[in-house]
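Asker: Have a look at this one before I ask anything.
The values are calculated or read from the model by the stated rules, or taken from the named source; none is laboratory data. Every value quoted in this text rests on a predicted model; they were computed, and no experiment measured them. Using ideal geometry, Cβ is built from the backbone for each residue, glycine included, and neighbour counts are taken over all protein chains shown.
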């Protein structure tokens with residue numbers, strides 16, 4: 001006797017299990033086959049995605065997160081302000097951090113943010129964000145306090161706009177993105193401990 005947990009799917013459909021900082025998700029996805037890539041691998045894109053199950057991560061207060069990792073609350077707030085904790089969510093004046101969020105490490109790691117709805121009521125200087133729905137932030141290796149921001153749209157993944165900013169400008173934009181309820185940090189991870 002065998003137990004089957006999932007129904008066998010038709011061609012080009014697949015189940016996907018994703019563990020992210022904000023929870024665990026079971027998807028049923030359909031893939032559109034576009035041919036063979038130059039390296040003879042399948043060139044496919046997911047054109048339909050259905051969430052079958054989602055379990056959201058518990059959210060901690062700044063104080064709870066600080067206690068969990070043995071640091072001061074002011075340190076956690078500074079990590080958020082400087083874009084070191086990118087998974088925080090703002091509820092009124094208070095920050096909440098998913099329990100699955102690892103504490104930041106030394107150095108800079110690239111960041112990617114996206115949003116599925118147009119951003120409205122943008123502050124002065126950020127009005128241009130209305131034309132995009134994704135940003136990738138990379139540190140310039142030769143100039144550690146300089147960053148490149150690559151803006152694009154999901155519909156057309158080629159880069160539409162690229163700007164170079166200082167560390168302070170990057171931190172200001174990243175804090176805005178982290179605090180915005182429609183913006184999601186994209187770098188998912190698999191927890192191994």
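Asker: Considering only residues that are assigned to a strand (DSSP E or B) and in contact with a helix residue (DSSP H, G or I) (Cβ under 8 Å, 6 or more places away or on another chain), look in segment 160-193 and name the one that is modelled with the lowest pLDDT.
Answerer: Among those residues, the one meeting the criterion is 161.
Asker: Among the numbered criteria (1) under 27 Å from residue 133 (Cβ atoms); (2) without any contact (Cβ under 8 Å) to a residue 40 or more places away in the chain, which single criterion is violated by residue 78?
Answerer: (1)
Asker: Tell me which of these residue 95 doesn't satisfy, since it passes every other one: (1) part of a loop (DSSP other than H, G, I, E, B); (2) closer than 29 Å to residue 58 by Cβ.
Answerer: Result: residue 95 passes all but (1).
Asker: Based on what the data block shows, is residue 91 surrounded by 14 or more Cβ atoms within 10 Å (Cβ to Cβ), over 22 Å from residue 170 (Cα atoms), under 20 Å from the mean Cα position of the chain (by Cα) and not assigned by TED's automatic domain parsing to the domain that holds residue 148?
Answerer: no
Asker: Among the residues of segment 20-42, count how many are within 13 Å of residue 54 (Cα to Cα) and either in the same structural domain as residue 100 (by TED's automatic domain parsing) or touching a strand residue (DSSP E or B) at 6+ places or on another chain (Cβ under 8 Å) (or both).
Answerer: Residues meeting the conditions: 8.
Asker: Using the structure shown, decide if residue 108 is out of contact with any helix residue (DSSP H, G or I) (no Cβ under 6 Å at 6 or more places or on another chain), surrounded by 12 or more Cβ atoms within 10 Å (Cβ to Cβ) and more than 28 Å from residue 166 (Cβ to Cβ).
Answerer: No: the conditions fail for residue 108.
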